[in-house]
Every structure is written in C-alpha cells, then in structure tokens.
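These notes are about the structure you will find just below.
The values are calculated or read from the model by the stated rules, or taken from the named source; none is laboratory data. Here the structure is a predicted model, which is why all the values come from computation and not from measurement. Every residue, glycine among them, receives a Cβ derived from its backbone with ideal geometry; neighbour counts consider all protein chains shown.
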Amino acid sequence: MLASDAPERLEVGNATIYVSLESDKFDLPKAALLEWVTQSALAVSAYYGRFPVKRAGLRIALSQRGRISNGRSFGDGGARCRISVGQHATLADLHNDWELTHEMVHLGFPSVEDRHHWIEEGIATYVEPIARAYVGKLTAEQVWGDMVRDMPQGLPEAGDQGLDNTHTWGRTYWGGAIFCLLADIGIRKHSGNAKGLQDALRAINSAGGTIEADWPLQRAIQIGNKETGSTTLTELYEQMGSKPVTVDLPALWRQLGVRSSDHGVNFDSQAPLAAIRASILS
C-alpha cells in the first residue's frame, strides 16, 4: 500500500479508525498490520468500555531498523496516532507490542498543561498492560512482574520538586504510573472495592475528556472524584504534585500480595490488599 492510497477503514466497536501505511515495503502483509491495529484498539476498548473516540487516524511509517517504535499521539486536527514499524518486523513483534496500545490510551484523556504531562503518560503507562491483560495478551504475572521491575524508575531522586515540576523521563512515565496505582488502590479502598481508577477514567472520557479537548487538570480530577464518590485523586495530587513523595514500593507489593523472585512473581491470596490486586485485572 502506498502513501497516496486511500486509508483502510476499520470498525472497532463504536469507533472508526482510518489506517494509512506510508510504504508498501513491509515484510508483513497488510492484513497482519491491520489485525494488530484492531487488537490494540480492542484492548483499549475493553478497558474504557468503548474505544475512547468515535473517529481516529493512524499512520504507520516504515523503519529501516528496530521493530515498533516512535509512537506519538495528537489531538489537534482530530484524534490520531503515528507509529513506526520495522521493515523486517515479524508477527511475534506485533503480538508482543505495547506501544500502539499505549498511544491509543492517550486518546481517552484530555490534553492538559505541559506541567501535567506526567498524568497523560502515567495513565498510558499504567493502563496499557492492564488493557492488554483484559484481552488475553498478558498474564497477571507478567503485568505485576513488570510493575515490580519498572516502577522504581518513577521514584523521586535528589532535587525532585514533585510531579508537576520534575520532568525527567522516569518521573513523567513511571512517576505518573505510581500515582495511578496509588489512585486505583485508594479508590478501591474507599469504595469497598466497588470502583477503581477505571471508573474515574471512563467518566472523564464520557464527559468529553479526549485528546482533542484542552482541559485544566482539576476538571478531570473533579469528574473522577464525583464518579468514584471519593476525594482520592485530589488528595494524591495535593501530596505529589508539588512535593517529592517516596513510596515504599516493596511494602506496597507485600500488601498487594505480589511476591517477586528470580523465577518471576507469584501471588499471596491472604495479603491485606489481595482482593484489590485481583480486581484491578478482572
């Protein structure tokens, strides 16, 4: 397929996704690339209850090296993503990919001020593996094992001034993901495990909070709080937005019943927050 050809039109749930391939030099057949797009969209739809926008565009560029890379999402001019696929990428690369799901999650949250970029990336980082687990792409062991491995990158270091004022890669992506995990746990504690961060994000999205909309962060927080019947999001933001907060992650994993070893992770069903941990992926 050449860049001048009409985009392929995919219907996924309530949404129409227009897919443009910028080259016809991929080793993979077009059908495989379109199935990858569909599966990524289904994962995001499973988390949000629907695809987060009614219409989206996706441009797939050819890369001469690597597998899948350089994902970007945009809201100006309509919800859209761009991502690169290596010329010699394989079906296994598509199956194992997380980047396109990550980019599609971005479509479901409003664009906020640059200083709050951590919430946009934190949501995408936190939700992506959960969404893929919903559709059978990842196991619970993989999701929690990756969190145990990667979340320490989001902890504050010397000189940190809180999430709003510390724009390193680790704090933006994994610091934001820590915020999301704490929010999920906090909401579930408050609601007797009846609601979680997913409910807050669905409500924000249903109220028009998509990547195409420019919102103050407080508007999203207020909608999330109202939907979950708690002030968890406000309280966490007040704690973490302008000040460094070091979370005792090993203690948190123990509370959740996530046990890590050289052979991966296993679960303690008797841990205090075991039911919450299970509900996050169910």
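Looking at (1) over 19 Å from the mean Cα position of the chain (by Cα); (2) more than 22 Å from residue 239 (Cβ to Cβ), which is the only condition residue 219 fails?
Result: residue 219 fails condition (2) only.
How about region 1-60: which of its residues are over 21 Å from residue 201 (Cβ atoms), hydrophobic (A, V, I, L, M, F, W, C) and touching a residue at least 60 places away in the same chain (Cβ under 8 Å)?
Initially, region 1-60 is screened for residues over 21 Å from residue 201 (Cβ atoms), giving 1-11, 16, 18-38, 57-60.
Keeping just the survivors that are hydrophobic (A, V, I, L, M, F, W, C) gives 1-3, 6, 10, 19, 21, 26, 28, 31-34, 36-37, 58, 60.
Hits for region 1-60 are 26, 28, 32, 33, 36, 37.
So, residue 254, is that one touching a strand residue (DSSP E or B) at 6+ places or on another chain (Cβ under 7 Å), charged (D, E, K, R) and surrounded by fewer than 18 Cβ atoms within 10 Å (Cβ to Cβ) or not?
Values: touching a strand residue (DSSP E or B) at 6+ places or on another chain (Cβ under 7 Å): no; charged (D, E, K, R): yes; surrounded by fewer than 18 Cβ atoms within 10 Å (Cβ to Cβ): yes.
Answer is no for this residue.
I'm trying to understand the selection: among the residues of region 147-165, which are touching a Pro at 6+ places or on another chain (Cβ under 7 Å) and either at positive phi or among the β-branched types (Val, Ile, Thr) (or both)?
Scanning region 147-165 gives a single hit, 162.
Which residues, counting only those in region 75-111, are closer than 20 Å to residue 201 by Cβ, touching a residue at least 40 places away in the same chain (Cβ under 8 Å) and touching a strand residue (DSSP E or B) at 6+ places or on another chain (Cβ under 8 Å)?
75, 79, 100, 104, 106, 107, 110, 111, listed by residue number.
Examine region 244-257 for a residue that is among the basic types (Lys, Arg) and part of a helix (DSSP H, G or I), and state whether such a residue exists.
Residues of region 244-257 among the basic types (Lys, Arg): 254.
The next check asks that each one be part of a helix (DSSP H, G or I); those that pass are 254.
Taking every residue of region 244-257 in turn, at least one turns out to be among the basic types (Lys, Arg) and part of a helix (DSSP H, G or I).
Checking the condition within 17 Å of residue 177 (Cα to Cα) and of a type in the set (Val, Ile, Thr), which residue from 280, 223 passes? Steps first, please.
Values: 223 fails: within 17 Å of residue 177 (Cα to Cα).
None of the other options fit; the residue is 280.
Only one of (1) without any contact (Cβ under 8 Å) to a residue 60 or more places away in the chain; (2) touching a Gly at 6+ places or on another chain (Cβ under 7 Å) is not met by residue 207, so which one is it?
(2)
Whether any residue in region 166-182 is in contact with an Asp or Glu (Cβ under 7 Å, 6 or more places away or on another chain) and either surrounded by fewer than 20 Cβ atoms within 10 Å (Cβ to Cβ) or not assigned by TED's automatic domain parsing to the domain that holds residue 245 (or both) is what I want to check.
Within region 166-182, one or more residues are in contact with an Asp or Glu (Cβ under 7 Å, 6 or more places away or on another chain) and either surrounded by fewer than 20 Cβ atoms within 10 Å (Cβ to Cβ) or not assigned by TED's automatic domain parsing to the domain that holds residue 245 (or both).
Which numbered condition in (1) more than 19 Å from residue 278 (Cα to Cα); (2) in a helix (DSSP H, G or I); (3) in contact with a Lys or Arg (Cβ under 8 Å, 6 or more places away or on another chain); (4) not aliphatic (A, V, I, L, M) is the only one that residue 156 fails?
Of everything listed in (1) more than 19 Å from residue 278 (Cα to Cα); (2) in a helix (DSSP H, G or I); (3) in contact with a Lys or Arg (Cβ under 8 Å, 6 or more places away or on another chain); (4) not aliphatic (A, V, I, L, M), residue 156 misses just condition (2).
What number of residues within region 159-213 are in a helix (DSSP H, G or I) and of a type outside the set (Asp, Glu)? Break it down into steps so the answer makes sense when it comes.
First pass over region 159-213, keeping only residues in a helix (DSSP H, G or I): 169-190, 197-206.
Imposing the further condition that a residue be of a type outside the set (Asp, Glu) reduces the set to 169-183, 185-190, 197-198, 200-206.
Selection size over region 159-213: 30.
What's the total number of residues in region 216-238 that are in a loop (DSSP other than H, G, I, E, B) and either surrounded by 20 or more Cβ atoms within 10 Å (Cβ to Cβ) or among the small types (Gly, Ala, Ser) (or both)?
So in region 216-238, the residues in a loop (DSSP other than H, G, I, E, B) come out as 216, 229-231.
Applying the additional criterion that residues be either surrounded by 20 or more Cβ atoms within 10 Å (Cβ to Cβ) or among the small types (Gly, Ala, Ser) (or both) yields 229-230.
Number of matching residues: 2.
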